[in-house]
């Protein structure tokens with residue numbers, strides 16, 4: 001099996017944080033600093049070292065909130081070869097979303113854990129606009145938060161990307177109602193994908209996050225490589241222990257020993273979902 005560092009791949013979840021070029025906004029909940037900073041220059045170096053050919057940048061609520069300027073600048077500097085997931089408020093207009101799409105944005109993030117319960121009820125019309133513009137709803141929830149997510153989604157025919165393996169509650173077990181509901185989301189629509197990312201957000205340290213392995217295996221079986229993508233979550237905000245890019249690729253390869261499956265998760269599914 002070729003080493004995963006040598007294979008072309010798309011990183012579908014990482015953040016640009018460059019407060020010198022793009023100052024943080026006032027009132028944002030968390031201001032990354034030190035080793036949490038991830039500039040465009042540093043990002044390109046990480047890509048070159050790890051065979052990353054394209055990227056899906058996810059707007060960080062930390063530092064920037066709904067100011068997507070740094071992300072849009074990076075997409076433009078990529079020659080429009082990268083894509084982005086924007087953060088917007090409930091007052092965003094159709095024209096503003098269309099402009100974001102023209103700037104390389106592939107979708108909008110709903111980050112349920114970062115807001116009080118019920119916050120995204122005011123976004124029903126935003127979801128409708130995402131459908132109209134053929135943009136992705138990139139949603140993050142954790143544990144039982146899947147039920148709030150399902151209520152928000154309803155029957156909306158929106159293309160859906162689920163962040164960080166759905167952040168399952170490992171202590172509740174693989175037979176929990178919430179995890180069964182997460183597996184059942186695989187049957188929602190053919191244009192629903194899940195990101196095999198963020199183990200450090202739901203599994204106890206240290207790497208290689210062994211307790212997460214059976215849950216990830218269940219997700220792979222339910223969604224199949226045709227509906228799974230990979231992401232690093234670089235530059236790893238608020239982690240209690242060290243996380244590195246290369247070992248995360250090794251972990252992904254352990255979950256995906258089959259060359260064809262790895263090719264789909266590392267590239268083909270992302271191309272279809274975010275670049276198609």
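Listed by Cβ neighbour count within 10 Å, with the fewest neighbours leading, 72, 256, 5 appear as 5, 72, 256. Computed on region 178-276, with alpha-carbon pairs under 8 angstrom and 6+ residues apart, the relative contact order is 32 percent. Paramagnetic label reach from residue 250 (point 7 Å along Cα→Cβ; backbone nitrogen cut-off under 19 Å): within region 204-226, residues 204-214. As an equivalent ellipsoid, region 75-160 spans semi-axes of 23, 14, 11 angstrom, where each value is the square root of five times an eigenvalue of the C-alpha gyration tensor, largest first.
Taking each DSSP H run with n ≥ 4 as -39500 (n - 2.57) and averaging over every residue of the chain yields -9000 deg cm²/dmol at 222 nm. Cβ crowding within 10 Å ranks 11, 169 as 169, 11, fewest other Cβ atoms first.
Each label point was placed 7 Å from the Cα along the Cα-to-Cβ direction; for residue 221 and residue 268 their separation is 2.2 nm. Using the Cβ-Cβ distance between residue 125 and residue 31 with R0 set to 30 Å, the FRET efficiency from 1/(1 + (r/R0)^6) comes to roughly 0.45. Put a dot 7 Å past the Cα of residue 176, heading toward its Cβ, do the same for residue 53, and the two dots end up 3.8 nm apart.
Can you list the equivalent-ellipsoid semi-axes of region 18-154, largest first and in whole Å, using the square root of 5 times each Cα gyration tensor eigenvalue?
Its equivalent ellipsoid spans semi-axes of 26, 18, 15 Å.
Stretched out straight at 0.36 nm per residue, the stretch from residue 150 to residue 133 would grow longer than its current Cα-Cα span by 4.0 nm. Of the Cα atoms belonging to region 200-259, the radius of gyration and Dmax stand at 11.9, 33 Å. As a ratio to 2.2 N^0.38 Å, the alpha-carbon radius of gyration computed for region 124-262 takes the value 1.05.
Mean separation of Cα pairs under 8 Å and 6 or more residues apart, divided by the residue count, gives the chain a relative contact order of 20 percent. Using a simple spin-label model with pseudo-atoms 7 Å out from Cα toward Cβ, residue 211 and residue 94 lie 4.8 nm apart. In the distance distribution for the chain, Cα-Cα pairs more than 28 Å apart total 30 percent.
None of the figures in this text is laboratory data; all of them are computed from the coordinates on show. In this text the structure is predicted, and so the values were computed from the model without any measurement. When we count neighbours, we look across all protein chains shown, and the Cβ atoms used for this are built from the backbone with ideal geometry, even at glycine.
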